[in-house]
């Protein structure tokens with residue numbers, strides 16, 4: 001007779017998620033500062049460089065800057081404050 005096994009799910013329980021409204025859309029990005037936030041996931045740096053090159057070629061009036069937190073998976077209040085203070089908009093990348 002086969003032995004019975006007990007298997008525990010290591011993922012635990014998902015946290016309760018409360019939806020929030022998105023920030024209002026800007027009427028234009030022309031002349032604006034756009035921070036491209038590299039969240040330090042695999043390949044996100046390459047993606048952000050490609051996105052920055054796309055803006056330079058197709059929307060040269062948008063001023064892009066790649067911004068990174070100090071480390072992955074950890075909130076960086078200083079980086080968030082910098083984005084709020086310096087940028088008109090931000091794109092966060094999580095990698096490929």
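Note on the chain: the alpha carbon radius of gyration divided by the globular reference 2.2 N^0.38 Å gives 1.56. PRE reach from residue 17 (point 7 Å along Cα→Cβ): which of segment 53-93 fall under 18 Å by backbone N? In segment 53-93, the label zone of residue 17 (backbone N under 18 Å from the point 7 Å along Cα→Cβ) covers 73, 92-93. Given R0 = 25 Å, the distance between the Cβ atoms of residue 78 and residue 43 translates into a calculated FRET efficiency of 0.50.
Where only DSSP H runs of four or more residues are counted, the chain gives -8000 deg cm²/dmol as its mean residue ellipticity at 222 nm, each run worth -39500 (n - 2.57). Computed from Cα atoms, the angle from the helix 77-86 axis to the main principal axis of the chain rounds to 30 degrees.
Read-outs throughout are calculated quantities, based only on the coordinates presented, and are distinct from any laboratory measurement. Bear in mind the structure is a predicted one, so any value in this text is a computation, not a measurement. Note that each Cβ is placed from the backbone with ideal geometry, even for glycine, and that neighbours are counted across all protein chains shown.
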